[in-house]
Each structure stands twice: as structure tokens, then as C-alpha cells.
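Asker: Okay, here's the structure, questions in a sec.
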Amino acid sequence: MTGVLALLLIFYAGAVVASSRAWIGVWCGKVRFSELRDVTGIGDPAKLRRLFGLTSSQGRFKVAVADVVRYRRPAGIILTNVPVHGLFFAGLSWGLFNAGPATALAIVIAASLHAATLALAAASILVSRPAAAR
């Protein structure tokens, strides 16, 4: 059980870092394709160009937070929800160091189901991309 908790803890640490990094880019107004794809849930580069304009010479989209929020799809909301990722990270940390076996098992099951949901959201974004963009 400890190994599974540790593995999920590492997964959620990565999710918090990646999601936070993407949102920091949005707040700064300049994001790369991969960050904008993750935050919005839109995997089609042509659609992102239509919504946010062309990229700069450094390959970054110039964005406004309000526009990003307006165009977000459910997959983007699920994939880059920093508070939810942080909550699971905290729960897993508590489960690893303080919880009894039954509580730890409940935390592992909830985190695993959420991780599977994240994987499905990521897959839906990648599948939605046109073949030429892959």
C-alpha cells in the first residue's frame, strides 16, 4: 500500500507542478502550445490560432486570462485544476504518513479514479487533434 501511495504522490506532485506552470504562463500572458492545449482542452493548433491569434517568434501565444477561461473545455478544466490536484496531493501525503490502512485504501481508490479521469481527459485532447497536427 505504501508503494502505491508513494507512486500516486509523485504523480500528483507532477500534476501540481505542470498545471501551475501552465497557469503562470496564462497569467503572464504568454504560453506555448502545449500549455494552452492543456489549460483549454483544445488540441487542434489551427483552432487555437483562430481563437488566440498567431504565435510570436518565440512560439508563444499572447493570451488574456479571461479569454482562456472563456474557451476552456471540460477536458482542460479537469486536466489543469490546481486546487483539486493539490487536494489529492495533500490527502495522499496524509495517507502515506498518518492514516490507518482503511483510510489509506480509501484515499488510494479516490486518487486512482481521479488519475484515470485525468488520463481520459488527456487522451480526449490528443484524439481531438487532426492527423496532420500530430
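Just so it is clear, none of the values below were taken in a lab; they were calculated from the coordinates. As the structure is a computational prediction, the values presented were derived from the model and not from experiment. For neighbour counting, all protein chains shown are included, and Cβ atoms are generated from backbone atoms with ideal geometry for every residue, glycine included.
Asker: Between residue 105 and residue 13, take the C-beta separation as r, use R0 = 22 Å, and let me know the FRET efficiency to the nearest 0.05. Intermediate values should be presented prior to the final figure.
Answerer: Numbers: r = 21 Å, r/R0 = 0.95.
Computed FRET efficiency for residue 105 and residue 13 comes out at 0.60.
Asker: Evaluate the charge dipole of the chain about its Cα centre and quote only its size in Debye, nearest 20, assuming +1 on the Cβ of each Lys and Arg and -1 on the Cβ of each Asp and Glu.
Answerer: Numbers: 14 positive and 4 negative charges, 142 e Å.
Dipole size: approximately 680 debye.
Asker: How do the peptides 90-96, 101-107, 38-44 rank, highest first, by the average count of neighbouring beta carbon atoms within 10 Å per residue? Intermediate values should be presented prior to the final figure.
Answerer: Working: 90-96: 19.0, 101-107: 14.4, 38-44: 22.7.
Final packing ranking: 38-44, 90-96, 101-107.
Asker: Below 8 Å, C-alpha to C-alpha, sequence gap of six or more: please give me the relative contact order for the stretch 2-133 in percent.
Answerer: For the stretch 2-133, the relative contact order is 34 percent.
Asker: In addition: Do the sum for the chain: with -39,500 (n - 2.57) for every DSSP H run of n ≥ 4, divided by all residues, what is the mean residue ellipticity at 222 nm, to the nearest 500 deg cm²/dmol? Walk me through the numbers on the way to the answer.
Answerer: Numbers: 7 runs with 99 residues, N = 134.
Helix contribution divided over all residues of the chain: -24000 deg cm²/dmol.
Asker: Hey, what do the phi angles of the stretch 115-122 turn into as Karplus ³J(HN,Hα) couplings, whole Hz, using 6.51/-1.76/1.60 and θ = phi - 60°, x for Gly and Pro?
Answerer: These are the phi-based 3J(HN,Hα) values: 4, 5, 4, 4, 4, 5, 5, 4 Hz.
Asker: Turning to a different aspect of this structure: Among 48, 22, 104, whose Cα projects farthest towards the positive end of the dipole of the stretch 2-133, with charges put on the beta-carbon of Lys, Arg (+1) and Asp, Glu (-1)?
Answerer: Selected residue: 48.
Asker: Report, by chain and number, residues whose modeled amide H sits under 5 Å from the one on residue 30, excluding near sequence neighbours (fewer than 5 apart, same chain).
Answerer: Answer set, sorted by chain and number: 63.
Asker: Are there trypsin sites (Lys or Arg not before Pro) in the stretch 1-58 that DSSP puts in a loop and that have at most 16 other Cβ atoms within 10 Å, and which ones?
Answerer: Numbers: sites: 21, 30, 32, 37, 47, 49, 50; in loops: 32.
Sites meeting the loop and neighbour criteria: 32.
Asker: Strictly greater than 19 Å: what percent of every Cα pair in the chain meets that?
Answerer: Working: 4663 of 8911 pairs.
Tail of P(r) above 19 Å: 52 percent of Cα pairs.
Asker: Can you tell me the length gained on complete extension of the stretch residue 112 to residue 56, counting 0.36 nm per residue apart and subtracting the Cα distance?
Answerer: Working: separation 56, 0.36 × 56 = 20.16 nm, distance 3.86 nm.
Using 0.36 nm per residue and subtracting the Cα-Cα distance, I get 16.3 nm.
Asker: Kindly state, to the nearest 0.05, the FRET efficiency for residue 87 paired with residue 66, given R0 = 25 Å and r defined as their beta-carbon distance.
Answerer: On the way: r = 25 Å, r/R0 = 1.02.
About 0.50, to the nearest 0.05.
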